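A short worksheet on the structure shown next.
Throughout, read-outs are computed from the coordinates displayed, never taken from laboratory work. Note that the structure is a prediction, hence the values are computed from the model and not measured. With ideal geometry, Cβ positions are generated from the backbone for all residues, glycine too; neighbour counts draw on all protein chains shown.
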Amino acid sequence: MKLNFEKITDSRIKFEMKVLPELVEKSKQMALREMGGNMELGGFRKGKAPTAVLEDNIEKDKLIIETVDIAVKEAYYDVVMKNKDEFSTIGTPKIEFTSKVDGDIYQNGFSVFVEVDIYPEIVLPDLDKLKVAKDDVHVSKDDVQNTIDDVRKKRSKLEAVEDGHMVEKGDWVDVDFEVTVDNKVEEELGSKAFPLVVGNNSMIPGFEDKLIGVSKDKEVEFDLEIGADFRDNRLAGKNPHFKVKINDVKKLSMPELNDDFIKELKIEGIEDVNSFEKYLEESLTKEKEFQAEEQLKNKIIDVIEKEVELSVPVSLQEREIHMMWHEFEDNLKRRNIDTADYLQKEGLDKEKIQEGWKDQADKRAKVAMVIGEIVKKLEISVDKEELNDYIKHELIRVEESLKSNYPDNFQEQLEMYKKEYQNEERRRYFEQHIMINKMFDILKEKMI
């Protein structure tokens, strides 16, 4: 029978679900087996007592609770499967009992109201009529030169300066500094023997400028006006006072760009300045092409997404926020930062952070639903051979990377990857990745 359900919103429905006595009895038998699995009764071995014996030795109220729990789950699954052409549910349903739950349920059954999120109907625009422009890729001489300068800076050496040398932009300095906020010295904000390169803007805006013209062993004091949107709440909107001592000053000496320097880089097949410049130009071109391709994909999805109106289910919003929080924690962990310590130092609150993520979570959820609908509309699929070939090429790429980074024990790690890549969940991930790539290939032909 077709289920009569009420649409609360485009992405949430409510319906009455009747649990018949036959299902209640079946659920009771299942409950008895689960609850009696570790019971030894009447000379029977553990878990082998008949259900009639178990029923006489289990509290009636506990049995009813377990029976109802199983019956609701069974009935809900049956309703969802029988109506899968009408809607697809998301998340955990809210259950509201409409009748008394007691011993009479075995003869009369019971009813519940179910409220649950569903995937909203997605109406895609005419994909053939939407257009996007692909950015041109160009690597200039300045791009190459800036990269060369970065390489040289990373291999710079510290050289002593003359007595009385005053700090200049580009100098390396070692400083002690103390921070006073609202007439109170904030120990956690200060530091001892802190190294920095003046002009790299790694410190609070304006801090490094105040060091210019100061010589070794000298102290300087100054105030800075910090904007209300500054990342550290302890300083945001404040006018902290800084007391800084210059412990040491050194010049950063970049190596000369010549063939000997290029050979020291030990890049396979690169022996001189000319080949290095060509190598950088090719590498930068590939990098910019990759960036342009990613930007193009974002443009395509943005153009389509803006043409689609839908209500994001709360369950999907919550799921995205949950994933975003784990991404946030993982990012901190990679920087060896404890989440609780970070929140405390920054004066942040988990609930407030997640509240501020809701719009972004809705956007992510909407894009995911739109992509799924496009894949379905374009009837994109991946066969087993195609998936196996993709995994094979991924493993080749992994092997090359492992050989380069772990030449002594790459084989052991490669075996771990081979095992992981055959995991069913991982294979599904690769399958989705292939389908999305196919989708973009089709959309690029239509929309560029």
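Here the Gaussian network model covers the chain, with springs between Cα atoms less than 10 Å apart; of E281, E307, E400, E400 fluctuates the most. Per residue, the average separation of C-alpha pairs within less than 8 Å and at least 6 apart gives the range 5-117 a relative contact order of 39 percent.
Computed extension gain for K358 through K438, at 0.36 nm per residue and net of the alpha carbon distance, reaches 25.8 nm. Of the cross-linked pairs K94/K350; K14/K366; K288/K444; K266/K438; K157/K245, those separated by over 28 Å at the C-alpha level are K266/K438.
Taken one residue at a time, the phi angles of the range 351-357 give Karplus couplings (6.51, -1.76, 1.60, θ = phi - 60°) of 5, 5, 4, 5, 4, x, 8 Hz. Gly and Pro are set to x.
Modelled spin labels at N409 and D174, positioned 7 Å past Cα toward Cβ, are 3.6 nm from each other.
Extension gain for D56-I122 works out to 18.4 nm (0.36 nm per residue, less the C-alpha to C-alpha distance). Applying a DSSP loop filter and a limit of 15 other Cβ atoms within 10 Å to the trypsin sites (Lys or Arg not before Pro) in the range 293-354 leaves R335.
Loop-located GluC sites (Glu not before Pro) across the range 61-148 with a Cβ neighbour count of 16 or fewer within 10 Å are E86, E121, with loop assigned by DSSP.
Helix 384-405 and the longest principal axis of the C-alpha atoms of the chain enclose an angle of approximately 40°. Using only Cα atoms and rounding to the nearest 10 degrees, what angle (0 to 90) does helix 60-82 make with the longest principal axis of the chain? Taking the Cα atoms of the chain, the angle to 60-82 is about 70 degrees.
Magnitude of the charge dipole for the range 157-253, about its Cα centre and with charges confined to Cβ atoms of Lys, Arg (+1) and Asp, Glu (-1), is about 160 debye. Rounded to 0.05, the FRET efficiency of the A368 and L20 pair, given R0 = 45 Å and the Cβ-Cβ distance, is 0.75. For the range 273-447, the residue among L387, N405, Q360 whose Cα projects farthest onto the positive side of the dipole built from Cβ charges is Q360. Applying a DSSP loop filter and a limit of 10 other Cβ atoms within 10 Å to the trypsin sites (Lys or Arg not before Pro) in the range 166-263 leaves R231.
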